[in-house]
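Below is one structure, written out as structure tokens, with a few remarks after it.
The values are calculated or read from the model by the stated rules, or taken from the named source; none is laboratory data. None of the values given here were measured: they were computed from a predicted structure. No Cβ is skipped: glycine too gets one built from the backbone with ideal geometry, and neighbour counts run over all protein chains shown.
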């Protein structure tokens, strides 16, 4: 797909026309590869056994599995810290006090709001307009005769 994002009408910066072959050259996408971690890496069965409590830590802390053990130890320490966090006693009261006591006002003016017409409303409005037009015509005809 060719997207012409330039509004120069086929002119170069110096004002001369661009050759047809230059103008029809398609734009190219420039992809920037993002560094993705190795998603094919699988956790060693020994680490799984250690996490399940079947192996001692010393048996798993060897070679490449040491990095996994360190990661899971840090994760466990962070989880333990989070478990000991306490919510302040008056937090619920402060949240409830901060809520507005009245219904919020509509910010958009009435003329910018969405206007929805139902079939019954359209028929009713049409009938009222026809009745008003007939009444106005009758008044104008009676005034014109006098």
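Values computed for the structure shown
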{"item": "Selection status of residue 46, surrounded by 10 or more Cβ atoms within 10 Å (Cβ to Cβ) and part of a helix (DSSP H, G or I)", "result": "yes"}
{"item": "Residue 97 exposed (fewer than 10 other Cβ atoms within 10 Å of the Cβ) and modelled with pLDDT of 95 or more", "result": "no"}
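Residue-wise test of (1) loosely packed, with under 10 Cβ neighbours inside 10 Å; (2) in a loop (DSSP other than H, G, I, E, B); (3) at pLDDT 85 or above; (4) out of contact with any helix residue (DSSP H, G or I) (no Cβ under 9 Å at 6 or more places or on another chain).
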| site | (1), (2), (3), (4) |
| --- | --- |
| 37 | yes, yes, no, yes |
| 40 | yes, yes, no, yes |
| 55 | no, yes, yes, no |
| 70 | no, no, yes, yes |
| 73 | no, no, yes, no |
